[in-house]
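Below: the structure, in structure tokens.
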Amino acid sequence: MHNENKVKIKFMRNGYLCRLFDFPMNRIQDELIASIQSALQSIFQIENAEVVLQETKKEFEGTFTFVVFPFTKQAGMAPPQIAQKIGDFVLENLAGISKFQVVQGFLNFTLADELWAEALLSLQNDPQAYTLANKNEKILIEYSSPNTNKPLHLGHLRNNFLGFSVAQILAAGGYEVIKTNLVNDRGIHICKSMLAYQKMGQGETPESSDLKGDHLVGKYYVAFDKAYKAEMETLIAGGMEAEQAKIQAPIMQEAQAMLVAWEQGDPKVIQLWETMNAWVLGGFEKSYAQMGVRFDKIYRESNTYLLGKKIVDEGLQSGTFFRKEDNSVWINLEEEGLDEKLVLRKDGTSVYITQDMGTAQLKFEDFGAKKSVYVVGNEQDYHFEVLFHILKKLNKPYSLGNYHLSYGMVDLPSGKMKSREGTVVDADDLMSEMVQTAKERTTELGKIEGFSASELDNLFNQLGLGALKYFLLKVDPKKRMLFNPEESIDFQGNTGPFVQYTHARICSMIRKAKEQAIDFQLKSTPKADLSPTEQELIYLLGTYKAKIEEACAQFSPAIIAQYAYDVAKQFNKLYNEHSILNEEDAIKRNIRLTLAELTGKTIREAFELIGIQSPERM
RNA sequence: GGUUCCGUAGCUCAGUUGGAUAGAGCAACUGCCUUCUAAGCAGUAGGUCUUUGGUUCGAAUCCAAACGGAAUCACCA
């Protein structure tokens, strides 16, 4: 950034420090700031003033606004007079400014038309318009992380879409991104499904039952819970305390015994585990394919927990961990404002965090990335705080670049989703409902002549998943959100299909222009006045890279989704105000076609980042 | 109880390192398809930004307190 630290360049569109364009618009910004500074200096003798530019509010004429209130005292004059004097000075000295307007203490500058045309040309010719410079840095992103005892639900959809999208965004931001998935395939919850299957399964398989593997296993997880509850009720009716009944229920005791047998390598249990695990993972694969998410490497807890135990040994030797009389191993995190945390049980078996230490180590050995993002729900904030502190205390080389992307839960109107009780919105069901709705909507609108059957299937998928992904991603990841299954997800307004529609419409126009052999490519700066609507669109398109930067910094696909919507909305406005393909003035027509094409590209790129495809016809 | 997060239109959400009259979408109502795709556009209506105090030229935004909600504080994962 030029002008050192005397000058802060800020655009208030999103309250985030950013630049509009790489070229040429930032030249005018810097020039404007410099000019205002010299005005302050020569008129009011204010040296080295901090000059902040903001974007002019829509209701007023102009592009950049300078707020003079902060200088009232030093200048010894009323704000409007100060603004007037600075405006006069800038107008005289800076060619790119065509006029200015004073509203109270706000000084609004209007840019000369040729600057907008220049900006459009440079956008068209920018070979690196949609990605940032290579950062030469690896970053790991871990997301999805399912349990292998039940199918995926709506919460997992948010996780998967978020994780995949953030990976795309970081890649566009110049990082080398490695996507990992840590499958949670061991523990008591897995035994519950296994035990219920053993008792009631009667040899059922995905093939024999025509159920997706994960759904089949999930069925037995629910069956376990039902049987467990029934047993508890019987015990309580027999006079036992509820707390005791929880532990004493025979089926729970059996599940515990199974866990022990499994850890001791009982071949029968292992075999059952392998079979059922394979069913679940097979089912997940189909769900992932439908979601459109991918991973570079899949880790399994059953493979990483032993490495975790090794790290515990290391930590004991270095004195980071300590052993209590009962043989359990702990770390003291009181200095960090926390308390003592267990890292290994007294029986020597690993806990959740042991396994996470192992996974972190393994990932580093595999990829050597010092930065890591964990996409995990905010219910685990405390866990990750502890994990990151532990890694730091162990002086691991990968301990400083960790970030927990803590997203909010998806709640139903009835409250939290619970797999055990069956009060969940199933991921597969929801996706196919969305595709079905897309099919109905599209058929109603009747614009699908000339599509083949496979093209139609593809389109319905793109639209249904587009609506769903957009719905889940447009909200700030950190916030918990509400999903009401009674109300269907919209296809109109601030939605995925709205943006997709704008894209399809642009594609249609560009196709027609090509059919008519119109070459609208700009060869030089066009000489034409641009309407405010056109200027605003150019402005928006020019902020794309700044949006990537912002989305990277905040790990937020919502910023990209909102941006794509703004761009589409602005284009639709232009589309209704002006003729594009039918414009008689060839220069104006070419400008608008160029704008249309750039808009289409920008939408496609932005939607790619949030994992949504942009159909060319719909 | 401790810690963390949240409270903006009837509903779902933007906007928060302090700036002008707080924005979208849905739902409601009014217009616009013999011209480039009406899944669109233009408009009407809807707000004491939970409350109270403070900081200052200026607060939805910063600080403090209160009220309301959520998560977490496991030898579950």
When only residues in the range A:104-116 that are open to solvent by less than 40 Å² (accessible area, probe 1.4 Å) and within 16 Å of RNA strand B (Cβ to nearest atom) count, which is modelled with the lowest pLDDT? A:Gly105
From A:Gln317, A:Gln361, A:Gln380, which residue is near RNA strand B (Cβ under 10 Å from one of its atoms) and outside any strand (DSSP E or B)? A:Gln380
Within the range A:215-227, is there a residue that is over 30 Å from A:Thr359 (Cα atoms) and open to solvent by 60 Å² or more (accessible area, probe 1.4 Å)? yes
Residue identified as open to solvent by 70 Å² or more (accessible area, probe 1.4 Å) and in contact with a His (Cβ under 9 Å, 6 or more places away or on another chain) among A:Glu385, A:Glu449: A:Glu385
For A:Tyr403, state whether it is out of contact with any Phe, Trp or Tyr (no Cβ under 8 Å at 6 or more places or on another chain) and open to solvent by 80 Å² or more (accessible area, probe 1.4 Å). no
Could you check the range A:584-613 and list, in sequence order, the residues that are in contact with a Gly (Cβ under 8 Å, 6 or more places away or on another chain) and either among the acidic types (Asp, Glu) or open to solvent by 10 Å² or more (accessible area, probe 1.4 Å) (or both)? A:Gly611, A:Gln613
Regarding the range A:187-198, can at least one residue be identified that is within 15 Å of RNA strand B (Cβ to nearest atom), farther than 15 Å from A:Phe295 by Cβ and not in a helix (DSSP H, G or I)? yes
Out of (1) within 10 Å of RNA strand B (Cβ to nearest atom); (2) surrounded by fewer than 16 Cβ atoms within 10 Å (Cβ to Cβ); (3) in contact (Cβ under 8 Å) with a residue 60 or more places away in the chain, the one A:Glu486 does not meet is (1)
Touching a Leu at 6+ places or on another chain (Cβ under 9 Å), at pLDDT 90 or above and open to solvent by less than 80 Å² (accessible area, probe 1.4 Å): does that describe A:Met252? no
How many residues does the range A:331-356 contain that are closer than 18 Å to A:Tyr305 by Cβ and open to solvent by less than 80 Å² (accessible area, probe 1.4 Å)? 13
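Quick grid of which residues meet (1) assigned by TED's automatic domain parsing to the domain that holds A:Met357; (2) over 18 Å from A:Thr180 (Cβ atoms):
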site	(1), (2)
A:Phe284	no, no
A:Asp296	no, no
A:Leu307	yes, no
A:Glu314	yes, yes
A:Thr320	yes, yes
A:Arg323	yes, yes
A:Ser328	yes, yes
A:Leu338	yes, yes
A:Leu342	yes, yes
Does A:Gln84 count as in contact (Cβ under 8 Å) with a residue 12 or more places away in the chain and part of a helix (DSSP H, G or I)? yes
Taking the condition open to solvent by less than 30 Å² (accessible area, probe 1.4 Å), farther than 27 Å from A:Asp366 by Cβ and at pLDDT 90 or above, does A:Val183 pass? no
Hey, A:Gln462 under 26 Å from A:Thr131 (Cβ atoms) and either open to solvent by 50 Å² or more (accessible area, probe 1.4 Å) or under 21 Å from the mean Cα position of the chain (by Cα) (or both) or not: yes
Can you find a residue in the range A:503-511 that is touching a Leu at 6+ places or on another chain (Cβ under 9 Å), open to solvent by less than 40 Å² (accessible area, probe 1.4 Å), within 19 Å of A:Thr602 (Cα to Cα) and not assigned by TED's automatic domain parsing to the domain that holds A:His404? yes
Could you tell me whether any residue of the range A:528-546 is over 23 Å from A:Met25 (Cα atoms), open to solvent by 10 Å² or more (accessible area, probe 1.4 Å) and over 34 Å from the mean Cα position of the chain (by Cα)? no
Being touching a Pro at 6+ places or on another chain (Cβ under 9 Å), free of Cβ contacts under 8 Å to residues at least 60 places away in the same chain and away from RNA strand B (no atom under 13 Å from the Cβ) is the requirement here; does A:Glu231 meet it? yes
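The values are calculated or read from the model by the stated rules, or taken from the named source; none is laboratory data. None of these values were measured; they are calculated from a predicted model. Quick reminder, even Gly has a Cβ in these numbers, built from the backbone with ideal geometry, and neighbours come from all protein chains shown. For accessibility, only protein heavy atoms count, side chains too; no ligands or nucleic acids. Shrake-Rupley method; radii C 1.70, N 1.55, O 1.52, S 1.80 Å.
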